[in-house]
Each structure stands twice: as C-alpha cells, then as structure tokens.
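Beneath this line is the structure, given in structure tokens, with notes to follow.
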Amino acid sequence: MSELSTRARAGFTERFTREPAGVWRAPGRVNLIGEHTDYNDGFVFPFAIDRSTVVALAPREDRIIQVTTAYTDDIVRIGLDEVTPAALAGWSAYPLGVVWALGEFGADLTAVPGFDAHIDSDVPIGAGLSSSAAIECAVSVALTEVWGLGLDRQTLARVGQLAENKAVGAPTGIMDQSASLLGMKDAAVFLDCRSLDAEVIPLGFEAAGLVLLVINTHVSHAHATGGYADRRASCERGAREMGVSSLRDLDVDDLDRAARTLDDVTFRRIRHILTENQRVLDTVRTLRLEGPEAIGALLTASHLSMRDDFEISVPELDLAVDTALAAGAIGARMTGGGFGGAAIALVRVAELSAVSDAVLAAFAAQNFTTPDLFTVTAADGASGAD
Ligand code: GLA
C-alpha cells in the first residue's frame with residue numbers, strides 16, 4: 001500500500017472512528033500536447049502522472065454522505081436525496097458533483113446507501129495538473145465499486161466531466177478525466193475526443209534518457225471563470241461562422257478560407273485549434289517512427305501557438321519555456337488550460353540540473369515567485385481498492 005493510501009486510511013479512521021472499506025486512487029495528468037482541442041472534438045495526448053488523489057471510503061447504513069479532506073477541518077454532510085448541482089459549493093462540489101453525475105448516467109441513487117469518505121492527495125492544486133479530475137475520478141471509481149454500478153471507464157470520464165461542468169461550473173472538456181482513468185505506465189493516451197476512441201502509446205522517455213520536468217509557476221488559474229470560457233466561446237463562434245458544428249470538421253487545409261471568413265482574433269483562435277490537432281497527429285506519428293527525442297520541436301511549436309494565436313500564456317510560462325529551451329531542453333510548452341499553472345520541458349537526464357538551475361535563476365532575476373520544479377513519470381490510471 002502506498003504511503004498516501006496509508007495516510008488516507010489513518011485520516012478516515014481519525015475522523016469517522018471506523019475503518020474504511022477501501023482506498024481508491026486516481027492520478028493527475030500532464031498534457032503532452034493537444035491543448036483546448038478536447039472541447040472542439042479534436043485530438044489530445046496526455047498521460048497520467050505519478051501523483052494521485054486517494055479516497056478512503058466506507059458505505060453507511062443510512063442515506064447520509066459525509067466527506068472530509070486532509071486540507072480542511074470541515075465535515076461536509078448532506079443527504080443523498082439533496083445532492084444537486086445547485087446545492088453544492090466549495091471543494092465538496094467535486095466529490096458530491098460526481099455523486100449527482102453518476103445518477104445522470106443511470107445509477108439509481110434511490111437504491112444505494114450513503115457513505116463516509118476522506119480525501120487526500122499529492123497532486124499540487126492549481127498547477128494545471130488536474131487535481132480536480134483526480135478527485136472526481138477517485139470518487140467515481142470508488143462509488144462504482146462500492147455501489148456495484150458496473151460503469152466503464154469511458155463513461156466515468158464523462159461522469160467526471162459532467163460534475164466539473166455542472167456542479168463546479170467549469171466548462172472543461174473530457175481530456176483530464178480520460179487521462180486519469182485510461183493512463184498506463186510509461187505511455188500516453190492518444191484520445192479522439194469525438195469518438196472517445198483511446199489508444200495507449202508507449203513514450204519511451206526513460207529508455208531514451210529523457211525526463212519530463214514540470215515547472216509550476218504558482219500563477220493561479222481558475223477555469224470556472226474568465227479566459228477559458230471566453231476561448232471556448234470563440235471556438236464555437238468560429239465553427240458557426242465556418243458553417244460546421246465543431247472545429248473537428250475543419251483541418252489545416254481550411255485555414256485560407258478561415259482567414260477570409262473570420263475576424264483576425266477569431267481566425268487566430270481557430271488557427272491554434274486546427275494546427276494543434278495536426279501537431280497531436282504529428283507527435284504520435286513522430287514518436288512511433290523516430291522516438292521521443294524527435295517530438296521536441298512540436299511541443300515548442302504548440303507553446304508558440306498558445307502564446308501568439310490562442311493567447312493563453314502568461315509571462316511566467318513564457319519565461320519557463322524560453323529559459324528551459326535556451327538551457328538545453330529539447331522541447332517545452334505550457335500545459336493545461338493556461339493563464340497560469342505549469343509548463344513542461346522534455347529534458348535529457350544529463351541536462352536536468354542545468355535546465356532547473358537556469359529556470360530558477362531566470363525567475364529570481366525577474367522577481368517572479370520561485371517556481372516548483374519536479375519531474376513526473378507516466379503512471380497507471382485510476383485503480384481499485386487497496
Ligand atoms: C483544462 C480542461 C481540459 C482542457 C485543457 C486545455 O485542463 O480541464 O478539459 O480543455 O484545460 O487543453
């Protein structure tokens with residue numbers, strides 16, 4: 001049992017004075033490439049990381065739900081019949097939103113018992129590593145097992161997304177939950193967000209002597225507000241004006257027509273999505289044919305597209321990317337929704353400390369908050385009780 005599971009068990013026992021029925025785990029994710037393409041029915045290529053959220057849970061005899069976390073002292077208590085998006089607020093909207101969303105996907109919530117649950121995690125919050133999807137997925141795999149729901153992982157990804165969209169109020173896509181549920185060790189998930197067909201593709205970073213460095217800028221982002229929703233609206237407007245139901249129905253060959261049809265800002269938003277879809281396909285092909293060393297330029301091109309066309313980067317992320325590249329990274333980009341969070345850099349093991357030192361020095365020179373630097377590896381997706 002992992003240290004985190006042991007801690008979650010102890011936290012559960014301390015709060016509820018009994019043993020949990022089990023501890024379920026779901027990881028955060030890094031998106032290697034394919035940003036803001038998921039809600040445009042496009043392609044993404046994320047992987048589950050070796051940092052997870054765990055939930056220790058046990059069913060109750062009545063229909064009460066009680067949820068606690070390692071980060072707060074509150075016990076959130078609610079009856080199963082009262083769980084609706086409107087009734088939820090704060091951190092508990094993530095786990096309780098999943099309860100509601102399971103009902104929307106066919107679980108008979110009138111026939112299941114309440115439960116006590118305690119949540120703990122080592123996914124940094126607000127870093128763009130999908131700490132929220134990790135909570136949703138840990139809770140959904142736990143309840144699927146405890147309640148005997150028999151829902152498959154593709155469905156659980158949609159459950160998590162629905163909870164995030166309606167209970168938390170963030171208009172996000174399906175990528176994060178898919179990575180958390182479908183990821184596999186040393187591999188990334190090539191997901192077609194239209195069909196939800198997923199293919200797990202070996203990354204081979206370790207064999208190639210590469211590591212993936214995460215640079216958490218500590219610039220906070222909130223997807224329930226502002227820029228993310230605005231970008232999504234631009235994409236929908238662009239699709240409408242181009243006469244398609246989703247940007248997936250266009251590709252880079254449509255860019256000339258898009259330039260003639262759309263205003264400059266909408267055109268650049270759309271250009272990011274169409275070129276990013278192409279970069280995901282190119283990354284998967286390049287990885288297969290030439291190995292991971294060869295994907296660096298595509299990662300960096302993705303960052304430039306987000307910086308210049310989609311305009312979701314911030315100075316800290318640009319500095320992280322530029323400095324990592326100048327210090328020898330073979331590719332670097334911001335990862336996740338943008339407006340803050342983390343950048344990733346693909347780095348040769350031998351150059352890891354040079355790249356890390358350079359990034360720390362550059363941030364200090366700009367008087368930016370000291371970033372957190374750590375490497376992640378591609379890990380297995382959510383797992384059952386231990
Ligand atoms: C956030 C969302 C995802 C996705 C990314 C951007 O992580 O949760 O659904 O849209 O931003 O690629």
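General remarks:
- Residues of segment 10-44 classified as within 27 Å of the chain's Cα centre (by Cα), more than 16 Å from the ligand (Cβ to nearest atom) and open to solvent by 30 Å² or more (accessible area, probe 1.4 Å), total: 1
- Within segment 35-61, the residues that satisfy the criterion of being over 21 Å from residue 123 (Cα atoms), touching a helix residue (DSSP H, G or I) at 6+ places or on another chain (Cβ under 9 Å) and not β-branched (Val, Ile, Thr) are 36, 38, 39, 40, 41, 42, 43, 58, 59.
- Each residue in segment 250-278 was checked for being in contact (Cβ under 8 Å) with a residue 60 or more places away in the chain and more than 20 Å from residue 311 (Cβ to Cβ), and 0 of them qualify.
- In this structure, residue 47 does not satisfy being surrounded by 24 or more Cβ atoms within 10 Å (Cβ to Cβ), part of a helix (DSSP H, G or I), hydrophobic (A, V, I, L, M, F, W, C) and in contact (Cβ under 8 Å) with a residue 60 or more places away in the chain.
- Residue that is within 21 Å of residue 379 (Cβ to Cβ) and at pLDDT below 95, where the choices are 52, 2: 2
- The residues in segment 206-215 that are open to solvent by less than 40 Å² (accessible area, probe 1.4 Å) and within 15 Å of residue 50 (Cβ to Cβ) can be counted, and the count is 4.
- All helices (runs of 4 or more DSSP H) inside segment 271-386 with 3 or more residues being within 18 Å of the chain's Cα centre (by Cα): 296-305
The values are calculated or read from the model by the stated rules, or taken from the named source; none is laboratory data. These numbers were taken from a predicted model, which means no experiment stands behind them. For neighbour counting, all protein chains shown are included, and Cβ atoms are generated from backbone atoms with ideal geometry for every residue, glycine included. Keep in mind that these areas ignore ligands, DNA and RNA; they rest on the heavy atoms of the full protein, side chains included. Shrake-Rupley method; radii C 1.70, N 1.55, O 1.52, S 1.80 Å.
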